[in-house]
Amino acid sequence: MGPGEAPTERNGTFLNPVTGAIPLVAGGAQRNRGRKVAVIGAGSWGTTFAKVLCDAGCDVTVLARRHEQAQEIQVAKRNSQYLPGINLPKSLRASSDPSVALRGANLVFLAVPSQSLRQNLEDLEAHLEPNAVLVSLVKGVEKGTAMRMSEVIADTLDIGAERIGVVSGPNIALEIAKEQPTGAVASCIDLEVATRIATACSAPYFRSYVNTDVVGTELGGVLKNLIALAIGIVDGVGYGENTKAAIITRGLAEMTEFAVASGADPVTLSGLAGLGDLIATCQSPLSRNNTAGRLIGQGFSLDETKQQMQQTAEGITSVPTVLELAHERGIVMPIVEQVQMVLDGKMSPRNLGPHLATEDDVPKPELSLTADTSGGWRGLWRKIRGA
């Protein structure tokens, strides 16, 4: 559904008139019976998502980097390093052998660090089933190329966009592993493929939606990490809720302007993959980027912060690449600029705040999009700007 269209019905389901996303009824165990899928990566998110897929009725195998980790998941149904105290489904299998994990899998979910995705794809290519759909669960951009993860997949495997999907939303791994209800968006330029992905991960506690705005869905997951770093920094300094609320709000404006300039629909940034993910990542102490920012705000150096973090905080690696793209597109991102200055040691964490989130002292409009905003919801956004 394009922005501004009335709700329409497809296969008995009405599309959301605001987000353009189609909700899928949770609990697709019957529809997923016999569906073979693989999850690449046995960290907290990869293992959690494998649990979601199992609980949705899929036949799931996790590919772990270490044999010992694969054995623990396979035999003990635990991943004590990343999900302590969580019992994994009895049906979940794990292997450190890609030929075993990928055999018969027509949906392959990727949950590895952004900077190692390309190498992982090169290692897996020979073992992929013909016409397998690759789905990114990764929220980052590749250093050096500035590619989004879907672009890295297309570039590495030389496959069409109709075989590449993205899943994104307010998804803190440990909360989902504990079966606390949440939702996410499955995106692909081919709506039928997006629906197949969403159906595979529609568990009783995990509600799935679909859209065809891959750019917006993916960038929402990338950009919210940068704002979460800023929130963590000011939290570590000791600033309160007013400061954090202002940064979240202004951060969403920066995210939306960047995404629209990159070809995204602004409405996507108001949905689960944008605002929803931003709220969860900024407010949760379980968020890696929030935690990394808080350590920096408390006075730890970047190197010390990385040493304390057992897992990758994607925002730290994404900041310089996003700013490079922003400069190329004529987008001003004051909050992200200040995060980079703090990371580089050029600004004290105490000086990062909403009163600095403008490029000069001249008052600016609260909302501003530089991309074409003609028609539909974009037209509404333009009216808001005018007001």
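Quick notes
- Filter result for Leu275 (assigned to a loop (DSSP other than H, G, I, E, B) and either touching a helix residue (DSSP H, G or I) at 6+ places or on another chain (Cβ under 7 Å) or among the acidic types (Asp, Glu) (or both)): no
- Among the residues of this structure, Gln340 counts as one that is closer than 18 Å to Val237 by Cα and not small (Gly, Ala, Ser).
- Listed by position, the strands (runs of 3 or more DSSP E) contained in region 77-151 that have at least 1 residues being buried (at least 17 other Cβ atoms within 10 Å of the Cβ), in the same structural domain as Leu174 (by TED's automatic domain parsing) and over 23 Å from the mean Cα position of the chain (by Cα) are 93-95.
- Boolean, Gly238 is under 21 Å from Gly183 (Cα atoms) and either crowded, with 22+ Cβ neighbours inside 10 Å or over 16 Å from the mean Cα position of the chain (by Cα) (or both): no
- Taken together, Met309, Met333 contain a single residue that is in the same structural domain as Ala259 (by TED's automatic domain parsing), within 23 Å of Glu142 (Cβ to Cβ), aliphatic (A, V, I, L, M) and surrounded by fewer than 18 Cβ atoms within 10 Å (Cβ to Cβ), which is Met309.
- Condition met for Thr48 (at pLDDT 95 or above and either among the basic types (Lys, Arg) or in a strand (DSSP E or B) (or both)): no
- Checking Ala253 against (1) at pLDDT 95 or above; (2) closer than 25 Å to Arg329 by Cβ, the condition it does not meet: (1)
- Among the residues making up region 179-232, those that are of a type outside the set (A, V, I, L, M, F, W, C), buried (at least 24 other Cβ atoms within 10 Å of the Cβ) and part of a helix (DSSP H, G or I) are Gly216, Thr217, Glu218, Gly220, Gly221, Lys224, Asn225, Gly232.
- Residue match in region 353-371 (condition: in a helix (DSSP H, G or I) and either of a type in the set (Gly, Ala, Ser) or modelled with pLDDT of 90 or more (or both)): no
- Ala126 being over 28 Å from Pro170 (Cβ atoms) and of a type in the set (A, V, I, L, M): yes
- Criterion (closer than 22 Å to Leu278 by Cβ and of a type in the set (Asp, Glu)) met by exactly one of Glu129, Glu175: Glu175
- Region 247-272: number of residues that are outside any helix (DSSP H, G or I) and in contact with a Phe, Trp or Tyr (Cβ under 9 Å, 6 or more places away or on another chain): 3
- Region 163-179: number of residues that are out of contact with any helix residue (DSSP H, G or I) (no Cβ under 9 Å at 6 or more places or on another chain) and among the polar types (S, T, N, Q): 0
- Here is the figure for region 178-199: residues that are touching a Lys or Arg at 6+ places or on another chain (Cβ under 6 Å) and closer than 19 Å to Leu110 by Cβ total 1.
- Within region 290-317, being assigned to a helix (DSSP H, G or I), at pLDDT below 90 and within 17 Å of the chain's Cα centre (by Cα) holds for Glu314, Gly315, Ile316, Thr317.
The values are calculated or read from the model by the stated rules, or taken from the named source; none is laboratory data. The model shown is predicted, which means the values in this text are computed figures rather than measured ones. Ideal geometry is used to build each Cβ from the backbone, glycine not excepted, and the neighbour counts take in all protein chains shown.
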